[in-house]
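**Student:** Below you will find the structure I want to go over with you.
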Amino acid sequence: MDIFLILAEAARSAVGPVAAIYALAAIGLNLHFGYTGLLNFGQVGFMLVGAYGVGISVTVFELPLLVGFLVGLGCAVVLALLLGIPTLRLRADYLSITTIAAAEVLRLVYRAGFAEPLTNGVYGIQNLSGEFRTWNVFFDPGERYGFGAFSFSGNHMWLMTVTWGLVALMALLTWLLMHSPWGRVVKGIREDEEAVRSLGKNVFAYKMQILVLGGLIGALAGSMMAVHQGAIQPDQFKPQVTFFLWVILLLGGAGRVFGPILGSMAFWFLMNFTDKFLRALGAEGYLPFLSGPDYGAIQLAFVGVMLVLLIVFRPQGLIGDRKEMLINVK
């Protein structure tokens, strides 16, 4: 078993496009929960409408990819309004129940038979990467860039450049917003909603704005996922994705600009390392009682134990601040 190769592959996944996509979605969730205290358990729903906004626009209506991105973002705005208008005036747990239910309902609707003319049902939509690759004027698709395990094809480098560039842009936007008067009101809502309301601020309007903004970033992550995979299918947008995003946010540190980014890199490093390590042990006969599907269960259990230990010994996350943990979720 080559432990150094396993570590190198894990490090490669920590800087890959999947880590960037999840970091992007977690930035949106950080705006919801980390800065405002909104319990959103349906961020995957925003990713779904973003991905299918691209997929349906490109394949069914034969629109340019850029228009598909705009359609996905527009769908995210509509979804945020539909979720926020009836729930944001109520207690936080109503939003959590509504979001997780809405995300699952959306997944079932998109895979239903009556939606097949648009979504192709359970078979999903393919061939979504072609136009995006034509935008690549910086890297030769036939060349490889980097060294050793950190070697990527030209198309892969282009995708990573765009996705991590979006992560950097959204992180900068978050920093600017949270250091503005608007951001201070948002953080005030997290700490004491009634105090902010007593100062004459429209708490509902601020919550709606942050729900829309975080949803737009989640939809952008879904759009990049569609481009990265070249194909989307409804069942890849299960609640498990949202729970991964929560792990990423708590791992990195909620209410911190770089928390979702570091959390995503650490999460995918751990996921890839445990997967490769367990399979290497199995290949050498050290785990004769396990079969292929069992590795995934042990992998998730290991990550779960790591998260529990983190919560016990460093509940604010890797780069979090204990002061940021005083989140009002009433």
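The values are calculated or read from the model by the stated rules, or taken from the named source; none is laboratory data. Just so we're clear, the structure is a prediction, and the values are computed from it rather than from any experiment. Here the Cβ positions follow ideal geometry from the backbone for every residue, glycine too, while neighbour counts run over all protein chains shown. Side chains are part of the model used for accessible areas, which takes the heavy atoms of the whole protein and leaves out ligands, DNA and RNA. Shrake-Rupley method; radii C 1.70, N 1.55, O 1.52, S 1.80 Å.
**Student:** Relative to the Cα centre, what is the charge dipole magnitude of the chain, using +1 at the beta carbon of each Lys and Arg, -1 at the beta carbon of each Asp and Glu, and rounding to the nearest 20 debye?
**Tutor:** For this selection, approximately 920 debye.
**Student:** Fully extended, how many nm does the chain gain between LEU287 and GLN126 (0.36 nm per residue separation, minus their Cα-Cα distance)?
**Tutor:** 54.2 nm
**Student:** Of the peptides 37-49, 56-68, how do they stack up when ordered by the mean number of other Cβ atoms within 10 Å, highest first?
**Tutor:** Ranked from most to least packed, the peptides come out as 37-49, 56-68.
**Student:** Follow-up question, since we're still on this one. If we sort 307-315, 210-218 on the protection proxy, mean other Cβ atoms within 10 Å, highest first, what's the order?
**Tutor:** 210-218, 307-315
**Student:** A further question on this structure: What is the gain in length, in nm to one decimal, between ALA8 and ALA301 on full extension, counting 0.36 nm per residue of separation less the C-alpha to C-alpha distance?
**Tutor:** 103.2 nm
**Student:** A further question follows. Which residues in segment 33-66 have a backbone N closer than 12 Å to a point placed 7 Å from the Cα of ILE85 along the Cα-to-Cβ line?
**Tutor:** none
**Student:** If you scale each eigenvalue of the Cα gyration tensor by 5 and take the root, what three semi-axes come out for segment 246-290, rounded to whole angstrom and sorted largest first?
**Tutor:** Taking √(5λ) for each eigenvalue gives 32, 8, 4 Å, largest first.
**Student:** Also, quick follow-up: Taking a probe of 1.4 Å, how large is the accessible area per residue of segment 3-325, in Å²?
**Tutor:** It amounts to 45 Å² per residue over segment 3-325.
**Student:** When the helices in the chain are scored as -39500 (n - 2.57) per DSSP H run of 4 or longer and the sum is shared across all residues, what 222 nm value do you end up with, to the nearest 500 deg cm²/dmol?
**Tutor:** Calculated at 222 nm, the ellipticity per residue is -22500 deg cm²/dmol.
**Student:** Okay, moving on. Can you give the FRET efficiency for GLU62 and VAL105, using 1/(1 + (r/R0)^6), R0 = 25 Å, r = Cβ-Cβ distance, to the nearest 0.05?
**Tutor:** 0.30
**Student:** Taking a ≥ b ≥ c as the square roots of the eigenvalues of the Cα gyration tensor of segment 61-212, is the shape rounded (a/c under 1.5), prolate (a/b larger than b/c) or oblate?
**Tutor:** Verdict is oblate for segment 61-212.
**Student:** Mean Kyte-Doolittle of at least 0.0 plus a Cα span of 30 Å or more along the axis: flag which DSSP H helices in the chain meet both, please.
**Tutor:** Membrane-span-like by this rule: 65-87, 154-178, 203-229, 259-283, 292-313.
**Student:** Of all the Cα-Cα pairs you can form in the chain, what percent are over 27 Å apart?
**Tutor:** So the pairs more than 27 Å apart make up 47 percent of the total in the chain.
**Student:** On the accessible surface of the chain, probed at 1.4 Å, how many percent belong to carbon and sulfur atoms?
**Tutor:** With neighbouring chains kept in place, the figure for the chain is 69 percent.
**Student:** Would you be so kind as to identify which of ILE125, GLY50, LEU39 lies farthest towards the positive end of the dipole of the chain, taking Lys and Arg as +1 and Asp and Glu as -1 on Cβ and the Cα centre as origin?
**Tutor:** Value computed over the given set: LEU39.
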